[in-house]
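Written below as structure tokens is the structure these notes are about.
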Amino acid sequence: MKAMTLVLTLLLAWGQARAETTGDGNALLNRPSDRTYDVILASGYLKVGVYRDFPPYSYEVDGEPRGIDVALGKRLAEGLGVEFRVHWITPDENLGDDLRNNVWKGHYLDRQRLADVMLRVPYDTEYAYLRDATGEYINEQVVLFGPYQQETWQIAYDPDQLAEVDSVAVFQYHPIGVEIDTLPDFYLSSGLGGRLRDQVRHYRNVRAAFAAMARGEVSGVMGMRAEIDHELNWPGHARFRAADTGFPGIVRQRWDVGLAIKHTHRQLGYALEGVIDHLVRSGALAALFAAEGLRYSVPQYYRAFLAPDALARAQGQR
């Protein structure tokens, strides 16, 4: 009994210390404060949720946040007239867990640690209105909005090992590196009737896969295009090439990426959506990508209604 009392005392003290460190909620009940639009403006800062250690989107260099999503987060904060504060997200099992832990509820170990807005969320109406077995909306606690980029899959290869890559079928005979437990991993391991499975090599991330290609262990690497572009810009990777090939069997080869907020914070969403819309239409977002050495694609959302000249401007071609 004494041991149990001691454990509970330590846990309560630890929880209170974490709450006091966060300092933006009710320390007693460990509830997150309701950071509405007005509260955010009054506080003078915007907490932007981005994934940790995820170059080129969001990562740290000498303790400073870097990456395209960090640059966008700063623009969002600037558009509201407040300071930018980074909220690092460690990915959980799935997107639903990430949204719950970082946008609308908080992790059970730290309810107060919430972002005001989360970046790099797939802008997908089917996912947004997905229902469970009882007919209830799975994502009713969040609003997905503000598409700012169209992402796609990409393969890079070593021309010293492969003359060209016009089809993924070439990797029936040459090893290819992927980040473990990602769609490229599952796709290549099961694609073409499983004929590529024995050539798939698993790595912790895309950067580790590129390092393996530099050592000659694999002939190619598959990942998201921005990840591939980022690695192609690194010293020592100049000889590698981006392949021009499709991915038969992948239902959705391109997808829009946007923002997420708690469903009760729609006023904040409207304000941020206005900032995003200006950045996309003006070509400023394309310029942010170009500054990072990345190719930019306008989201399909905008392609559906922008005139050709407006689309060219958004793409950074005017």
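Read the figures in this text as sums done on the coordinates, not as results from a lab. Small disclaimer: the values here were computed from a predicted structure and weren't measured. Cβ atoms come from the backbone with ideal geometry, glycine included; neighbour counts cover every protein chain shown.
Just add up the charged neighbours of Val165: K/R +1, D/E -1, any other residue whose Cβ is under 11 Å from the Cβ of Val165.
Here the count lands on -3.
I need to check one value: relative contact order of segment 55-128, counting alpha carbon pairs closer than 8 Å and at least 6 residues apart, in percent.
16
Using a 7 Å offset from the Cα along the Cα-to-Cβ direction at both Ser282 and Ser189, what is the distance between the two label points in nm, to one decimal?
Taking the two extended label points, one gets 4.5 nm.
Could you work out the relative contact order of segment 195-318? I mean the mean sequence separation of Cα pairs under 8 Å and 6+ apart, divided by the number of residues, in percent.
Here the relative contact order equals 20 percent.
About the Cα centre of the chain, how large is the charge dipole given +1 on each Lys and Arg Cβ and -1 on each Asp and Glu Cβ? Please answer in debye to the nearest 20.
300
Give me the Kirkwood hydrodynamic radius of segment 152-242, using the inverse of the mean 1/r over all pairs of distinct Cα atoms, in Å to one decimal.
12.6
Given a 10 angstrom Cα cut-off, can you work out which residue in Asp198, Asp116, Asp53 is the most mobile in a GNM of the chain?
With Cα springs under 10 Å in the chain, the top fluctuation among Asp198, Asp116, Asp53 is at Asp198.
Got a sec? How would Met224, Met213 order by Cβ neighbour count within 10 Å, fewest to most?
Result, fewest neighbours first: Met224, Met213.
For segment 227-318, what log10 I(q)/I(0) values come out of the Debye formula at q = 0.14, 0.19, 0.24 1/Å, with one point per alpha carbon and no solvent?
Treating every Cα as an identical point scatterer, log10 I(q)/I(0) equals -0.71, -1.07, -1.23.
Once fully extended, how much extra length lies between Lys105 and Arg85, figured as 0.36 nm per residue of separation less the alpha-carbon to alpha-carbon distance?
Here the answer is 5.3 nm.
Need the list of aspartates and glutamates near Lys105 for cross-linking: C-alpha distance under 13 angstrom, and skip anything on the same chain fewer than eight residues off.
Here the aspartates and glutamates satisfying the reach criterion relative to Lys105 are Asp34, Asp97, Asp116, Glu140.
Specify which residue in the list Pro65, Ala77, Leu311 is farthest towards the positive end of the charge dipole of the chain, using unit charges on the beta carbon of Lys, Arg (+1) and Asp, Glu (-1), about the Cα centre.
Checked the options; the winner is Ala77.
Can you tell me the Rg and the Dmax, both Å, for the Cα atoms in segment 236-280?
Here Rg and the maximum Cα pair distance are 18.1, 50 Å.
Quick one: work out the % antiparallel among DSSP beta bridges in the chain, nearest 5.
65
On each of the three principal axes of the Cα atoms of the chain, give max minus min coordinate, whole Å, ordered largest first.
Sorted largest first, the three principal extents are 65, 60, 48 Å.
Along segment 247-257, what does the Karplus equation 6.51 cos²θ - 1.76 cosθ + 1.60 (θ = phi - 60°) give for ³J(HN,Hα), rounded to whole Hz, x for Gly and Pro?
The phi angles translate into 10, x, x, 8, 4, 10, 8, 10, 8, 7, 10 Hz.
For a quick check: sort Arg295, Arg120 by the number of other beta carbons within 10 angstrom, fewest at the front.
Arranged by neighbour count, lowest to highest, Arg295, Arg120 become Arg295, Arg120.
How many percent of DSSP beta bridges within segment 152-242 run antiparallel, rounded to 5?
That works out to approximately 55 percent antiparallel.
Any idea what angle helix 68-80 forms with the longest principal axis of the chain, computed on alpha-carbon atoms, 0 to 90 degrees, nearest 10?
40
When Arg318, Arg75 are ordered from fewest to most other Cβ atoms inside 10 Å of their Cβ, what list results?
So the ranking, lowest neighbour count to highest, is Arg318, Arg75.
Could you work out the relative contact order of segment 152-242? I mean the mean sequence separation of Cα pairs under 8 Å and 6+ apart, divided by the number of residues, in percent.
41
If exposed means no more than 10 neighbouring beta carbons inside 10 Å and the site is in a DSSP loop, what's the longest run of the chain without any exposed GluC sites (Glu not before Pro)?
137-318
Per residue of the chain, what 222 nm ellipticity follows from adding -39500 (n - 2.57) for every DSSP H run with n ≥ 4, rounded to the nearest 500?
The helix contribution divided over the chain gives -10500 deg cm²/dmol.
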